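First the structure, in the form of structure tokens, and then the observations on it.
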Amino acid sequence: MSTTINTERLGTLVDRGESVLRSATAARNDLAEKEGDLVQIGRPIAVLVSQTVSGVLKHSPTQRELHDYMASADDGTLEKLGAKRTQIASFRSALARVQRLRESSAALARKAGFWKPYLESLRTLSKKHGIQS
């Protein structure tokens, strides 16, 4: 029995899979950049709250633990520790951006996880039939 290959559809699927993988990589890179920005923006507040957090945790806090504390603390508490309102607002805004990017990056990573093995099969099939995408 002979199978007919729709070369146009195959090329479209390969292009789509490659696009998903590129998008996932770009999202991961963007997230890493924004997480770096978050650390820079949050550094002045982190310095102020690190002693308080280390007293509660009984160990030197990680950057993530500091950010979790800073995110959950109310503005008044952070101001009492010496943080300025503009610093707090900038940190909260950057944190919200990073959280949105984490969610979208995770969704793209799941999508890429589906596409990656499928794309390998599509590429193999394309090569077998001499199709350029």
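Ala24 falls short on exactly one of the conditions (1) out of contact with any Leu (no Cβ under 7 Å at 6 or more places or on another chain); (2) closer than 30 Å to Lys116 by Cα, and that condition is (1). None of Ser93, Ser105, Ser126 is over 30 Å from Asn6 (Cβ atoms), surrounded by 15 or more Cβ atoms within 10 Å (Cβ to Cβ) and either of a type in the set (Gly, Ala, Ser) or free of Cβ contacts under 8 Å to residues at least 12 places away in the same chain (or both) except Ser105.
Among the residues making up region 95-127, those that are of a type in the set (Gly, Ala, Ser) and closer than 30 Å to Val39 by Cα are Ala96, Ser104, Ser105, Ala106, Ala107, Ala109, Ala112, Gly113. Only one entry of Val53, Val47 meets the criterion of being touching a Phe, Trp or Tyr at 6+ places or on another chain (Cβ under 8 Å) and at negative phi, and that entry is Val53.
Every residue, every condition in (1) hydroxyl-bearing (Ser, Thr, Tyr); (2) touching a helix residue (DSSP H, G or I) at 6+ places or on another chain (Cβ under 9 Å), yes or no:
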{"position": "Leu48", "(1), (2)": "no, yes"}
{"position": "Val53", "(1), (2)": "no, yes"}
{"position": "Lys58", "(1), (2)": "no, no"}
{"position": "Tyr69", "(1), (2)": "yes, yes"}
{"position": "Ala73", "(1), (2)": "no, yes"}
{"position": "Thr86", "(1), (2)": "yes, no"}
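Gly130 meets the conditions (1) at pLDDT 90 or above; (2) more than 25 Å from the chain's Cα centre (by Cα); (3) over 20 Å from Val39 (Cα atoms) in every case but one. The failed one is (1).
The values are calculated or read from the model by the stated rules, or taken from the named source; none is laboratory data. All figures in this text were calculated on a predicted structure; none of them were measured in a lab. For neighbour counting, all protein chains shown are included, and Cβ atoms are generated from backbone atoms with ideal geometry for every residue, glycine included.
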